[in-house]
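To keep things clear, I will list the structure first and then write my remarks on it.
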Amino acid sequence: MGILDFLTGEFIDVIHWTDDTRDTMVWRFEREGHAIKYGAKLTVREGQAAVFVHEGQIADVFGPGLYMLETNNMPILTTLQHWDHGFRSPFKSEIYFVNTTRFNDQKWGTKNPVIARDPEFGPVRLRAFGTYSMRVTDPAKFMAEIVGTDGEFTADEISFQIRNVMVQEFSRVIAGAGIPVLDMAANTADLGKMIAKAVDPVIAAYGLSIPEFYIENISLPEAVEAVLDKRTSMGIVGDLNRYMQFNAAEALAQPGGAMGATVGAGMGAGMGMAMGNQMGWDGPWGTAPAPQAPAAAAPVTPPPPPIEKVWHVAVNGAATGPYGRGHLGRMVADGSFTRDTLVWSPGQDGWKPADEIMDLAQLFTIAPPPPPPVG
């Protein structure tokens, strides 16, 4: 190497930075003690800014572009050094490249539960987490407030401080928003905008901005969520009384159930009525028929009489019966059994209005004959 090459190597004439990482926010150009040649080329790419620091003071800031480092485009450094228009000598300054692109998918979350007052549940503890993006909007302020003389500054070094600010503002916004817990999921976008707006003045003092802020989830403690799940189940069931009646009716339909005796009694009553009808007895129900002459022995045993179908009737939220069709006909006559009365019989799919049961609907279409005249 000749003496000219050696002297040329003492001066830096090309300054640029190419970043192959995803989290570097600031990188100091390594000049290794060499001076910067007057008129050197400075390349600042899109998404970058170059900050000159001279003797501990922040001087000129360059945005994207290609620059010749001369007195006409370094006004602050020229003033600090008292350079005149004839200055042509090399100079020494620290050069920091600042990444001004967005740093996406930054995480935030509440380390401890946040206490909020809900209009329905009272004081509740909430946890939340989400993501945000940040970017450097004022490179000089960011260098002065955050980076200092750090030769390589990454997003992780500032993210903890930003998370603290976000959690603090989240607690304040949630406490004053007055949004019920059950409605927060539908308002996360609005809440995110409110929190980002509240965070912005604090972050701006660091030379940063938060272009995007997202709330991914707001959750309650597990014990509260369990109670809420039970409440939701009750809402799905609906009328608890009718639900219990339905369960009781389902139990009736099961063989050997607790109500089997009731069903058996109803069936026995129906069989008795049917046998009374076949024997020609038309007297009041429950009275003994008149003695009949013994019938001649029949050569063939007759088949068993058909079992009359019986129904349970819902009265004031309770199941009564079972009643046969004849008994229900008398209830129609006295007005205690109407088309809208709910009935159920074994094998039937739930309680239904009497008017929807074919065997019972006829009771309302057959009008009784007029009563006989008095005297």
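Just so it is clear, none of the values below were taken in a lab; they were calculated from the coordinates. All values derive from a computational prediction rather than experimental measurement. Here Cβ is always computed from backbone atoms with ideal geometry, including for glycine, and neighbour counts include all displayed protein chains.
Below, the figures for the structure above:
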{"read-out": "Protection-proxy order for peptides 308-314, 106-112, each taking the mean of Cβ atoms within 10 Å per residue, highest first", "value": "308-314, 106-112"}
{"read-out": "Most to least packed among 15-23, 142-150 [average Cβ atoms within 10 Å]", "value": "142-150, 15-23"}
{"read-out": "Residues with amide H under 5 Å from that of ASP118, placed H, sequence gap 5 or more", "value": "VAL124"}
{"read-out": "Residue-wise HN-Hα coupling along the range 353-364, computed from phi with Karplus coefficients 6.51, -1.76, 1.60 (Hz; x: Gly, Pro)", "value": "x, 4, 5, 8, 9, 4, 5, 9, 4, 5, 5, 8"}
{"read-out": "Calculated from backbone phi, Karplus (6.51, -1.76, 1.60) coupling profile of the range 128-135 in Hz, x at Gly/Pro", "value": "8, 8, x, 10, 8, 10, 9, 8"}
{"read-out": "³J(HN,Hα) computed for each position of the range 72-78 - Karplus, 6.51 cos²θ - 1.76 cosθ + 1.60, integer Hz, glycine/proline x", "value": "6, 10, 10, x, 5, 5, 4"}
{"read-out": "Entries in LYS92/LYS141; LYS41/LYS107; LYS92/LYS197 that, when Cα-Cα distance is taken, lie over 31 Å", "value": "LYS41/LYS107; LYS92/LYS197"}
{"read-out": "Counted charge near ASP359, where neighbours are those whose Cβ lies closer than 9 Å (Asp, Glu -1; Lys, Arg +1)", "value": "+2"}
{"read-out": "Sequence ranges 338-346, 216-224, ranked by mean other-Cβ count within 10 angstrom, highest first", "value": "338-346, 216-224"}
{"read-out": "Aspartates and glutamates whose Cα lies under 16 Å from that of LYS37, excluding same-chain neighbours fewer than 8 positions away", "value": "ASP5, GLU10, ASP13, GLU70, GLU94"}
{"read-out": "Length-normalised contact order for the range 103-225 - Cα pairs under 8 Å, 6+ apart - percent", "value": "39"}
{"read-out": "Nearby lysines by direct alpha-carbon distance to LYS309 (threshold 20 angstrom, same-chain neighbours under 8 apart not counted)", "value": "LYS352"}
{"read-out": "Part-to-part distance (alpha-carbon centres) for the range 322-360 and the range 193-221, which is given in Å", "value": "65"}
{"read-out": "The range 91-107-the range 15-49 distance, computed between alpha-carbon centres (Å)", "value": "10"}
